[in-house]
Amino acid sequence: SNCELLASSDADGTLKLWTFPASAGTSTAAQCTLTKPRSASKQVRFQPSGSLLAAGIDSAVNIFDLSAECTIQLLTGHQKAVTSVAWSSAAELLATASDDTLRIWDLKSPSKSACIRSLSLLSRYYAVAFHPTCSTIILG
């Protein structure tokens, strides 16, 4: 069936996927719950292909396989809560930001969680994005 997915995070840390049917008049329902309550996720982002979801939960980033409905990678290294996550257009890199650190992760590396760059930031940043056509990262 044709549907759209929405990911939501409640203040208690419950991360859910919601199914939105394409036909009018059909109700919306929670498809699954990906995490049990613990701490709120400040940011969730779908991989460009839509098969994975990255969620910043506390000082870590969980990578979820949406078809298996489970965590397949856990990226750790931030000392403070992750406030933003961004996929590169090819989905091989993930950028994550906390209040004072930007990290770039190579998701195709053999270790599956290789931080290839960590930058200490002089100011607080709450948003990170990859430029869609060149290798530039934007912070805000």
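Since only THR76, TRP105, ALA127 are under comparison, the one whose Cα sits farthest along the positive direction of the charge dipole of the range 41-140, derived from C-beta charges on Lys, Arg, Asp and Glu, is ALA127. Would you mind getting me the FRET efficiency between ASP65 and ASP10? Use the beta-carbon distance for r and R0 = 30 Å, nearest 0.05. Using R0 = 30 Å, I get an efficiency of 0.90.
The ASP100 and LEU74 beta-carbon pair, evaluated with R₀ = 25 Å, returns a calculated FRET efficiency of approximately 0.75. Highest-first packing order for the peptide set 60-72, 76-88 is 76-88, 60-72, based on the mean count of other beta carbon atoms within 10 Å. For the range 67-140, the dipole from Cβ point charges (+1 on Lys and Arg, -1 on Asp and Glu) about the Cα centre works out to 120 debye, to the nearest 20.
The heavy atoms of ASP99 offer some 30 square angstrom of accessible surface to a 1.4 angstrom probe. When the residues SER118, SER109, SER89 are ordered by accessible surface, computed with a 1.4 Å probe over the protein chains alone, the sequence from largest down reads SER89, SER118, SER109.
The values are calculated or read from the model by the stated rules, or taken from the named source; none is laboratory data. Because the structure is a prediction, the values reported are computed rather than measured. Glycine gets a Cβ as well: all are built from the backbone with ideal geometry, and neighbour counts include every protein chain shown. Side chains included, ligands, DNA and RNA excluded: accessible areas come from the protein's heavy atoms. Shrake-Rupley method; radii C 1.70, N 1.55, O 1.52, S 1.80 Å.
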